[in-house]
1. How large is the helix-only mean residue ellipticity at 222 nm for the chain, computed as the sum of -39500 (n - 2.57) over DSSP H runs with n ≥ 4, divided by its residue count, in deg cm²/dmol to the nearest 500?
2. About its Cα centre, how strong a charge dipole does the chain have in debye, to the nearest 20, once Lys and Arg get +1 and Asp and Glu get -1 at the Cβ?
3. Run the numbers for SER108 and HIS73: contour at 0.36 nm per residue of separation, minus the present Cα-Cα distance, in nm.
4. Mind listing which chymotrypsin sites (Phe, Trp or Tyr not before Pro) in the stretch 41-116 are in a DSSP loop and have 10 or fewer other Cβ atoms within 10 Å?
5. Exposed loop sites here are trypsin sites (Lys or Arg not before Pro) in DSSP loop states with at most 13 other C-beta atoms within 10 Å. What is the longest stretch of the chain lacking them?
6. Given an 8 Å cut-off on Cα distances and at least 6 residues of separation, report the relative contact order of the chain as a percent.
7. Can you list the lysines whose alpha carbon sits under 21 Å from that of LYS52, skipping same-chain ones fewer than 8 residues off?
8. Subtracting the Cα-Cα distance from 0.36 nm times the residue separation, let me have the gained length for LYS66 to VAL123 in nm, one decimal.
Amino acid sequence: MSDKPASRTTTSINVPPPNHVMVLDGQGWVGLIDQMGTETTIVNAARVSFGKMVDTMTERDVVLMKYLLENRHTSPLEHMAFTFVVHCPLFVRSQWHRHRTWSYNEISRRYTEVDMEFYTPAVVRGQSADNRQASVDTLAKEKQDEARALIDRQNRESLALYEKLLGMGVCREQARGVLPQNLMTTFWASVDLGNLIHFLDLRDHEGAQWEIRQYAHAIKELVKPIVPHVAGIYGW
């Protein structure tokens with residue numbers, strides 16, 4: 001019997017998993033890589049005080065789930081969880097990480113400089129006149145083209161400076177300081193269903209930034225086949 005260890009496959013975190021949805025005009029993506037529990041888990045958790053369990057969903061269970069969601073009895077939802085891998089700009093990451101009910105692990109530019117990418121918006125939006133945190137689709141086409149060219153040039157110049165600093169022997173942890181907010185990053189994010197619903201309520205909302213709304217839409221697409229009754233109740 002051979003003592004040789006079994007071979008294993010190593011892949012890049014920056015490659016989308018099989019179950020993923022592309023966003024940001026193909027520049028970003030979100031993938032579902034793991035899950036725990038089913039909709040049956042939710043109704044079983046709700047009935048645990050009665051000491052009963054079921055192994056399939058019935059119409060009665062759907063009625064119970066609707067009652068739980070409408071009345072915000074969310075603790076049974078916490079027994080179902082998902083792990084996503086997210087490829088997004090740093091500024092989207094920063095908004096996402098404000099949701100502290102998630103667990104995160106992210107690629108570190110202290111350890112690697114491979115697969116450096118930058119987000120260049122397909123449409124450059126104007127600033128809202130009456131809302132400091134909002135944007136509007138009012139920029140003329142020629143201004144959009146000029147803005148995108150400037151953003152692309154800055155991306156390339158910042159990467160060139162970063163690589164020059166590394167070539168001089170500067171450490172990665174300091175050299176990365178010259179990279180802009182639209183540098184793409186990749187992170188794992190795990191969350192229970194109750195807190196996922198809260199995230200989607202806030203981030204798939206007209207007041208949320210367009211870019212993070214695309215990720216919220218994508219997550220709904222990924223989880224709908226897994227929680228079809230929840231999705232139907234919320235109108236996803």
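1. -11500 deg cm²/dmol
2. Computed about the Cα centre, the dipole is about 400 debye.
3. Between SER108 and HIS73, full extension yields 8.8 nm more.
4. Loop-located and lightly packed - TYR111.
5. On the way: sites that count: ARG8, LYS52, ARG72, ARG98, ARG100, ARG110, ARG132.
Free of exposed loop sites, the longest segment is 133-236.
6. Values: 287 pairs, mean separation 67.2, N = 236.
Averaging sequence separation for qualifying contacts and normalising by length gives 28 percent for the chain.
7. Counting by Cα, and skipping residues close in sequence, LYS52 has these lysines nearby: LYS66.
8. Between LYS66 and VAL123, full extension yields 16.6 nm more.
Any read-out appearing in this document is the output of simple, stated calculations on the displayed coordinates, not a laboratory observation. Every value quoted in this text rests on a predicted model; they were computed, and no experiment measured them. FYI the Cβ positions are ideal-geometry reconstructions off the backbone, even for glycines, and counts take in every protein chain you see.
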